[in-house]
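Have a look at the structure below, then the notes.
The values are calculated or read from the model by the stated rules, or taken from the named source; none is laboratory data. Keep in mind that this is a model prediction, so the values were computed, not measured. Here the Cβ positions follow ideal geometry from the backbone for every residue, glycine too, while neighbour counts run over all protein chains shown. Each accessible area value is taken on the protein alone, full model and side chains, heavy atoms only, with ligands, DNA and RNA left out. Shrake-Rupley method; radii C 1.70, N 1.55, O 1.52, S 1.80 Å.
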Amino acid sequence: MDQNWSRRVLDTDGSHKERRNGSGPGEVQMCQSILPCHANHQGELGAGQLLKWIDIIACLAAERHAGMACVTASVDDIQFEETVRVGQVINIKARVNRAFNTSMEVGIYVTVQDVLSGVTERVCVAFSTFVTKPSGTHKVSLRPLDVQGSVEGMLEHSLASERRRLRLYNEQSFKNLIKDYYNLQDKGLYSRKPIAALVSTELTRVESIELVLPPHANHHGNTFGGQIMAWMENVATVAASRLCGYYPSLGAVDMFRFRGPSSVGDRLVFKAMVNNAFQTSVEVGVRVEAYNCEEWNKGTPRHINSASMIYYIPGRDGEQQTFPDVTYTTLDGERRFLGAIVRKRIRMARKHILYSRDEGPISVPWDRSNQVYLGYNNVAALTVLAGKRGWEASNINDKLADLRLRPQWDKNYLSCEEVEKADEEETIYHIKCATVNGGKSRDFVFLLSKRQPCKNGDPYVIALRSVTVATVPPEENSIRSEAKCAGFVIHEMGFLTCKVSYYNQVTSGVLPYVEGNLAGWSKSMEETAMSCISFLERDVLNTEF
């Protein structure tokens with residue numbers, strides 16, 4: 001088994017590339033040979049068993065950093081990319097990416113190796129959030145993670161804060177989109193009920209009960225989170241199979257949220273039902289309720305977990321089979337049906353924005369429903385770009401987060417207009433640029449995302465990328481150009497001094513403005529930098545060149 005940490009990270013062009021480095025401090029590894037007892041009736045590793053192992057390894061990594069007991073708070077979306085079969089070897093690695101005040105993010109990387117061929121494939125990447133469980137009632141502040149000297153560690157440390165932001169905004173984004181759909185329905189612009197439905201989602205309803213015994217508990221006495229996830233996967237699979245009449249495979253999980261603990265002796269009731277079907281995939285919603293003896297007699301459950309799971313039917317020649325159309329017959333079914341549509345929209349936006357490759361235009365359509373994911377992609381891409389070696393740093397003022405000031409020092413900017421201010425951190429600008437070599441003038445539509453440092457030592461980030469906005473269509477007398485990734489990463493060096501690095505990934509739209517510098521017959525970039533320094537000196541700001 002390859003003992004190097006192998007990790008796909010979002011590159012500046014939106015693609016994924018392998019990054020490797022040796023096992024660092026704080027990394028925990030698990031290696032398992034897949035036996036028949038781990039597999040389902042088809043000889044494939046059960047997704048529930050894999051979720052157990054993921055939770056174990058993530059908890060051990062969290063406790064290694066915290067030095068005390070930790071419990072799972074949530075598990076981010078997981079995309080399962082490869083099927084693991086009996087006889088293969090699975091390797092799971094986990095390490096803490098970032099420690100916040102009382103919580104920490106743990107990154108988990110899962111690979112599978114074929115023993116005979118030696119080929120290793122990625123199974124999934126997961127991110128779990130853990131919180132400490134101190135022995136007393138007092139709160140414990142986690143020590144910061146030391147990532148000095150590790151490029152990979154520093155990169156994940158920076159991206160962890162953006163992923164945390166996504167988690168906090170995800171629920172609000174869901175509520176906003178649900179509200180939009182209801183508003184459209186009230187205006188008669190959207191019909192929520194399918195016209196030619198065949199199967200009622202009520203027919204897929206599954207309920208199962210489990211008694212928590214000592215073997216199901218973790219080393220703290222609470223019900224093991226991985227065991228709960230495995231039980232959830234079991235009832236979800238049954239619900240999906242009732243719709244398709246076949247053996248479905250779990251393709252993805254749309255975030256586990258642990259709302260409260262349970263312990264030995266509790267009765268756990270698992271409720272699953274198909275929420276909606278989308279031709280080749282189906283979403284199953286799972287809810288977990290816990291009862292102790294008294295609550296069981298009174299019929300007053302505790303809601304301790306929820307998740308949505310995405311299934312597909314493996315077909316021949318790699319083609320996925322289709323699911324029957326579904327409809328709802330109750331108000332709860334309608335809520336689930338509509339919620340599945342919204343979650344799919346969020347997943348598709350997230351997949352397109354966060355993992356898009358060079359298959360078309362660089363610009364991504366802008367609207368407030370995808371603001372959170374665009375902002376994440378914008379900042380993450382710049383963070384990855386800044387993590388590459390060989391850059392030369394120049395210094396600029398963090399006040400340049402307002403692009404309307406840039407024409408004062410950048411001769412390539414003829415004008416800059418604010419198109420839309422989404423909030424204090426995201427703004428859309430329309431920039432008109434000078435002509436180059438006698439050709440047409442060019443213009444750009446940029447999303448600017450700025451992020452304040454989360455703690456001392458973190459940089460202030462100003463990220464730019466092209467977006468498309470309906471209110472700013474291309475003009476006939478200019479060329480609409482695009483920028484993939486650009487911006488500033490600002491580090492505080494002292495009380496009155498900061499060091500800011502400027503990055504710009506060259507695209508066909510940007511190339512005309514820098515090709516002279518690249519060829520060596522122009523010094524326009526140096527001249528622009530000097531003009532910027534002069535502009536900053538008027539503000540009496542110390543800079544380190």
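Expressed in nm to one decimal, what extension gain is obtained for the pair residue 278 and residue 295 from 0.36 nm per residue of sequence separation less their Cα-Cα distance?
Gain on extension, residue 278 to residue 295, equals 2.3 nm.
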> According to a simple spin-label model (label point 7 Å from Cα along Cα-to-Cβ), what is the distance in nm between residue 42 and residue 452?
Replying inline: 5.0 nm
> Probe 1.4 Å, all protein chains in place: accessible area of residue 325 in Å², nearest 10?
Replying inline: 80 Å²
>> Need one number: nm distance between label points at residue 119 and residue 524, each 7 Å from Cα along Cα→Cβ, rounded to one decimal.
In response: 4.9 nm
> How much length is gained if the chain between residue 148 and residue 89 is pulled fully straight, taking 0.36 nm per residue apart and subtracting their Cα-Cα distance, in nm to one decimal?
Replying inline: 18.0 nm
> What's the extension gain from residue 175 to residue 441 if we count 0.36 nm per residue and subtract their Cα-Cα distance?
Replying inline: 91.5 nm
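Quote the relative contact order of segment 434-513 in percent (integer), defining contacts as alpha-carbon pairs under 8 Å separated by 6+ residues.
Working: 137 pairs, mean separation 21.9, N = 80.
Relative CO of segment 434-513 lands at 27 percent.
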>> Could you tell me the calculated FRET efficiency between residue 418 and residue 334, based on Cβ-Cβ distance and R0 = 30 angstrom, to the nearest 0.05?
In response: 0.15
> Sorted by mean Cβ packing within 10 Å, highest first, what order do the peptides 466-475, 221-230 take?
Replying inline: 221-230, 466-475
> Given the pairs 450/499; 455/499; 344/421; 450/523; 52/93; 411/440, which span a C-alpha to C-alpha distance of over 21 angstrom in this model?
Replying inline: 344/421; 450/523
> How far apart, in nm, are two points set 7 Å out from the Cα along the Cα-to-Cβ line at residue 68 and at residue 140?
Replying inline: 0.4 nm
> What's the carbon and sulfur percent of segment 187-342's accessible surface, probe 1.4 angstrom, rounded to a whole number?
Replying inline: 51 percent
